[in-house]
Amino acid sequence: MAGMARLLVIQPAFLGDAILTLPLLGQLRQHFPQTEIHYLVRAGIEPLLEGHPWITQTWSWDKTWQGWLHLFSALRQYQWESIIVVQRFFRMGLLGRLLPAKVYITYEKNPLSCLYTHRVRHAFQPGLHETQRVLSLLAPLGLPTEVPPPPWLFPSQEVQARVRLWAEQQPYIVIAPASRWPTKEAPFSLWGHFLEKIPPHYTIYLVGTREEAPRFAPLLAHHPKVHNIAGQLSLLEVAALLQKAERAFTVDSAITHLASAVGCPTTTVFCSTVPAFGFGPLAPKSQVVEPPFPLACRPCGLHGKKACPQGHFRCGTSLSPEPLLQSLTEAPL
């Protein structure tokens with residue numbers, strides 16, 4: 001890839017998926033420093049990647065066919081050295097293969113993989129993290145597939161300055177208790193009991209979307225220094241806040257991966273999903289918290305659900321605050 005070669009990475013899935021693809025971009029940038037690296041993500045994720053040193057240009061897709069045609073029209077104007085489709089679905093498989101390139105790489109499970117020059121196995125198996133699955137797509141290029149240490153996100157000094165008011169309140173922790181999937185959320189009563197046990201010298205920030213802010217309001221009564229800042233920060237500002245946090249407490253959600261991307265120790269609570277799917281925290285000193293006993297119905301799917309299919313939600317109600325507190329006060333070195 002000499003000169004001004006161009007490479008396109010396509011991953012327009014959810015926010016967490018886009019974050020977990022960053023290590024792949026890092027390996028590409030390290031080994032091809034003069035190559036233009038273009039990254040296609042779901043619309044709305046672009047602000048998180050603003051000014052990212054590994055990315056030459058960010059493209060976005062609004063998940064419509066009209067948007068697909070617009071992308072195809074724009075991207076086909078380039079001659080690509082390699083196109084890597086980090087998705088297993090038809091529309092992006094079609095887009096990637098129709099663009100002019102020398103090398104086409106995707107997973108075997110993509111329905112159009114038979115048209116690609118390289119097809120890589122995709123599997124969910126214990127001990128295999130999603131970042132490792134993504135990085136396996138670099139094998140056809142002869143590049144390392146080991147997960148590089150964080151950081152993978154680099155908030156600018158300007159972004160860091162915007163969160164300085166909060167970040168100066170040392171020591172502080174960040175709690176992100178919400179998910180777009182209700183069965184990925186621990187009951188908020190768990191977070192209330194946990195907050196009551198957190199030593200008073202900690203400042204606590206609750207982060208999430210603007211729509212989630214009202215749900216967090218009752219938690220303010222459980223600790224003297226807890227602040228609900230949901231919806232007040234951009235994704236990149238949340239990343240900057242996580243950079244200096246003592247620890248993040250999350251559910252199986254994108255904030256887990258945002259914390260991993262900046263190297264923030266994280267305790268992630270898994271309810272209906274399981275760490276074996278490969279979406280656990282990766283930062284040093286991170287831990288996971290799960291139900292204290294096995295459940296025949298768990299996991300009930302790769303993604304969360306709107307409600308417990310069995311109607312009891314024991315994977316959430318069986319959790320206690322003690323493991324959360326232990327991860328804060330006795331974090332392993």
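Each reported figure results from applying straightforward, stated rules to the coordinates on display, with no laboratory input. Given the structure is predicted, the values throughout are model-derived calculations rather than measurements. Note: ideal-geometry Cβ built from the backbone for every residue, glycine included; neighbour counts use all protein chains shown.
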log₁₀ of I(q)/I(0) at q = 0.12, 0.15, 0.17, 0.19 Å⁻¹ - segment 6-141, Debye sum with one point per alpha carbon
-0.41, -0.66, -0.88, -1.13
I'd like the FRET efficiency for residue 103 and residue 305, computed as 1/(1 + (r/R0)^6) with the beta carbon distance as r and R0 of 41 Å, rounded to 0.05.
0.60
Most mobile of 158, 108, 322 per a Gaussian network model of the chain (Cα springs, under 10 Å)?
158
Would you pull out the residues with amide H under 5 Å of residue 271's amide H, same chain only if 5 or more places away, H placed 1.01 Å from N?
252
Out of residues 5 or more away from residue 249 or on other chains, whose amide H comes under 5 Å of its own, with H placed 1.01 Å from N in the peptide plane?
174, 175, 176, 267
Which distance in nm do the two modelled labels at residue 30 and residue 297 give, with both placed 7 Å along the Cα-to-Cβ direction?
4.4 nm
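If the limit is 22 Å between Cα atoms, which of 63/109; 197/305; 225/305 go over it?
197/305; 225/305
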Of the residues 191, 152, 166, which exhibits the maximal mean-square fluctuation in a Gaussian network model of the chain defined by a 10 Å Cα contact cut-off?
166
With the crude spin-label approximation of a point 7 Å out along Cα→Cβ, what separation in nm comes out for residue 66 versus residue 196?
5.2 nm
Which whole number of Å³ per residue matches the convex hull of the alpha-carbon atoms in segment 63-160?
161 Å³
Counting other C-beta atoms within 10 Å, which of 252, 62 has the fewest, and how do the rest follow?
62, 252
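Using C-alpha positions alone, give me the convex hull volume of the chain per residue in cubic angstrom.
Details: hull volume 46.7 nm³, N = 333.
Roughly 140 Å³ of hull volume per residue.
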For segment 163-329, treating each Cα as an identical point scatterer without solvent, what Debye log10 I(q)/I(0) comes out at q = 0.11, 0.17, 0.18 1/Å?
-0.40, -0.99, -1.12
Ranked list, fewest to most other Cβ atoms within 10 Å of each Cβ, for 180, 121
121, 180
Segment 184-202 versus segment 221-284: alpha-carbon centroid distance in Å:
14 Å
When the chain is treated as a GNM, springs tying every alpha-carbon pair under 10 Å, which of 281, 182, 12 comes out with the largest mean-square fluctuation?
182
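Ranking 179, 73 by Cβ neighbours within 10 Å, fewest first, what do you get? Numbers along the way, then the final one.
Details: 179 24, 73 9.
Arranged by neighbour count, lowest to highest, 179, 73 become 73, 179.
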What number, rounded to the nearest 500 deg cm²/dmol, is the helix-based mean residue ellipticity at 222 nm of the chain, given -39500 (n - 2.57) per DSSP H run of at least four residues and division by all its residues?
-7500 deg cm²/dmol
